[in-house]
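Every read-out reported here was derived from the displayed coordinates using simple, explicitly stated rules and does not represent laboratory data. Small disclaimer: the values here were computed from a predicted structure and weren't measured. When we count neighbours, we look across all protein chains shown, and the Cβ atoms used for this are built from the backbone with ideal geometry, even at glycine.
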Amino acid sequence: MEALKLSVLVPVYNEERTLRTIIARIRAVPLPMEIICIDDCSTDGSRQILKELEADGAVDRVILQPVNMGKGAAIRTGAREAQGGVIVVQDADLEYDPAEYPRLIQPILDDKADAVFGSRFLGGGGRVLYYWHSVGNKVLTTLSNILTNVNLTDMETCYKMIRAPLMQSLVLTSNRFGFEPELTARLAQSGARLWELPISYSGRTYAEGKKIGWRDGVAAFWHIFRFNLFPPGRKDTRKHRSLHPGAPRPDASARANGGEGGTASPSRGVPGTGQ
């Protein structure tokens, strides 16, 4: 089966210390890809670095937001410009490893999944940091699972690899860190086939530039209820499930839970969608 080009969206806000390193790591991945960087009105030297990377051909496109609008808005802007068949978001810090891309994209290439979540809680290994952050992530994921009726282990993960036509068809409105629960809710409501695989994670401290805080965690509860209980108008996403027009429809076994690295699909439909 012919490989799909991967569109890597890199939202950037004051990441001058790690920007060159993360772009080099993305470019080292042996996949056909484009890199789209969206600068959210950085106040350090990030914009100048991005212009240099674009001039050198390391980055395919740089989009400069006119004002600071938030990570969710940056991702939406980049997704509209993506030309690849699959989209993934890559934070500009060094917490997530682009070397995971080939493994994460495989269920999509095999036509087993429409979206693949990279889970930090399935034993992929990584730096040991804040205990209460991990507790908060698990609580938020559990609440999200109750409302979406899927069995994810890491709803808040940055690594969500999604077929581009599906991603571009979703109604997404969150500008800031509510983007992750909104995207998860919209994927579940669309009836997309979800898959989850373990990834490594090297979290950074606040001294190293980590931005998300406890207020974002509290706000996430509201976002989960809001996006799950008040879904947008339903869209038919069945046409986005095949890599090629003639690809066979996967059988029912593709929706069964595969244990470590398996699907996380609704078993009785999605609340509020009539499925």
- prompt: What residues qualify as long-range amide H neighbours of Glu34, i.e. H under 5 Å apart, gap of 5 or more or another chain, H built at 1.01 Å from N?
  reply: Leu6, Ser7, Val8
message: Give me, ordered by chain and number, the residues 5 or more places off Glu15 or on other chains with an amide H under 5 Å from its own placed amide H.
response: Ser46
query: Across the Cα atoms of the stretch 1-94, what radius of gyration and what greatest pairwise Cα-Cα distance (Dmax) are found, in Å?
result: 12.4, 44
Restraint check, Lys71/Lys112; Lys138/Lys160; Lys51/Lys160; Lys112/Lys138, Cα-Cα greater than 24 Å: Lys71/Lys112; Lys51/Lys160; Lys112/Lys138
Hydrodynamic radius (Kirkwood) for the stretch 26-170, which is based on Cα pairs only, to one decimal in Å: 16.9 Å
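Which order do Tyr96, Tyr13, Tyr131 fall in if you start with the one that has the fewest other Cβ atoms within 10 Å?
With the sparsest Cβ surroundings first, the list reads Tyr131, Tyr13, Tyr96.
Just in the stretch 4-75: which trypsin sites (Lys or Arg not before Pro) are loop by DSSP and have at most 16 other Cβ atoms within 10 Å? All intermediate terms of the calculation are to be shown ahead of the outcome.
Details: sites: Lys5, Arg17, Arg20, Arg25, Arg27, Arg47, Lys51, Arg61, Lys71; in loops: Lys5, Arg17.
For trypsin sites (Lys or Arg not before Pro) across the stretch 4-75 that sit outside H, G, I, E and B with at most 16 neighbouring Cβ atoms in 10 Å, the list reads Lys5, Arg17.
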